[in-house]
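No lab work stands behind these numbers, since they all come straight from the coordinates. Given the structure is predicted, the values throughout are model-derived calculations rather than measurements. When we count neighbours, we look across all protein chains shown, and the Cβ atoms used for this are built from the backbone with ideal geometry, even at glycine.
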Amino acid sequence: MNSEHSFVAERFAAQHCAALLRRAPEPAEQIGALAGLGQRLAPLLAKALGQMLGGELPVVTALAPHEQSEGELILQVGPLAANSLYASGIPGVTLLAAIEGAAVLRLVDRAYGGSGEHNGTLPEAFPLSAQLLVQRLEALLAECLTGALGQAEVRALRSSARLAELAPFPAGAKLAVLPIEVMDGAKPPWSLVLALPLAALPKLLGNIGTAAPSGTRRTGSADPAAAPFAAVPLGLTATLVDMPVSLAAIAALAPGTVLPVAIARAVPLAIGGHIIARGTIGAQDDRIALRLTQLAG
């Protein structure tokens with residue numbers, strides 16, 4: 001009896017795609033992805049707040065996101081705050097932004113030319129000046145959130161000075177909270193809190209912050225003129241004078257010393273030490289200006 005046989009498979013054995021077998025991330029696992037949203041939102045907020053207040057850009061820092069109940073958030077925000085609910089542009093997903101009441105009153109004082117101080121005592125309700133500022137803050141935040149999310153336009157739905165009266169989320173919903181700290185000069189920092197239901201995170205952020213399947217690559221190049229890159233501040237340096245001076249001359253420097261200098265015909269304009277353009281010095285609106293004559297290749 002011949003027990004040797006040759007077997008040939010009729011078809012290829014089934015092979016399962018690793019990407020399809022990967023478990024979808026749980027909402028709680030995506031809290032970390034909120035950190036990425038905070039990093040994109042912080043420079044947009046800094047620029048917008050600086051323009052609104054007409055001063056130097058504040059330092060805006062997104063802190064670590066965490067899970068919180070609505071009751072805990074109400075206690076954290078306090079009895080008086082600028083609480084606004086926003087439509088995220090994704091069906092069924094809303095965002096809450098809450099700015100502490102003391103911070104709103106400090107911003108009102110700054111907006112009217114004051115030093116931005118507050119005595120710590122909160123009124124029963126916001127005065128009219130604060131209500132008008134809250135409306136400006138709502139529009140500012142909507143624009144910044146639109147840029148940070150890079151999706152459909154974010155718009156304000158409703159607001160209330162008391163978070164419990166706003167009732168932004170279903171009762172008992174667990175929340176994903178992103179605290180943001182704003183430091184304006186030497187004054188104490190104030191806080192802004194973003195929150196949304198934990199279950200809505202996958203809709204809002206998709207798979208942001210989760211590991212990509214092995215072997216996959218992002219195609220295409222990022223557009224530097226699009227959000228969030230467009231709002232990233234870069235320092236430009238125009239070198240008007242660059243001249244060698246002997247050590248003996250430097251050692252002899254004293255108040256009243258006159259150093260003759262000659263401004264170059266083509267002033268270099270650099271970012272991070274890399275020359276990107278050259279130009280000539282002139283004036284515009286009683287200010288020194290640089291007219292670009294050449295872009296670096």
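Below are the figures for this structure:
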{"item": "Rounded if a/c under 1.5, otherwise prolate or oblate - the range 122-180, Cα gyration tensor axes", "result": "oblate"}
{"item": "Eligible lysines near Lys47 by straight Cα distance, threshold 21 Å, same-chain separation 8 or greater", "result": "Lys187"}
{"item": "Among 181-188, 193-200, the order from most to least packed when residues are scored by Cβ within 10 Å on average", "result": "193-200, 181-188"}
{"item": "Positive minus negative residues near Gly114 (Lys, Arg vs Asp, Glu; Cβ under 13 Å)", "result": "0"}
{"item": "Shape call, the range 21-208: gyration tensor on alpha carbons, a/c limit 1.5", "result": "prolate"}
{"item": "Cα shape, the range 76-122, gyration tensor, a/c 1.5 rule", "result": "oblate"}
{"item": "Sequence-separation-based contact order of the range 21-208, relative, with Cα cut under 8 Å and 6+ spacing, percent", "result": "33 percent"}
{"item": "Added length on full extension, which subtracts the Cα-Cα distance from 0.36 nm per residue, Ala238 to Met183", "result": "16.9 nm"}
{"item": "Ordering of 98-111, 57-70 by packing [mean C-beta count within 10 Å, highest first]", "result": "98-111, 57-70"}
{"item": "Amide N of the range 167-184 lying under 14 Å from the label point, which is placed 7 angstrom from the Cα of Ser69 along Cα→Cβ", "result": "171-175"}
{"item": "Whichever lysines have a C-alpha closer than 25 Å to that of Lys174, once near sequence neighbours (fewer than 8 apart) are set aside", "result": "Lys203"}
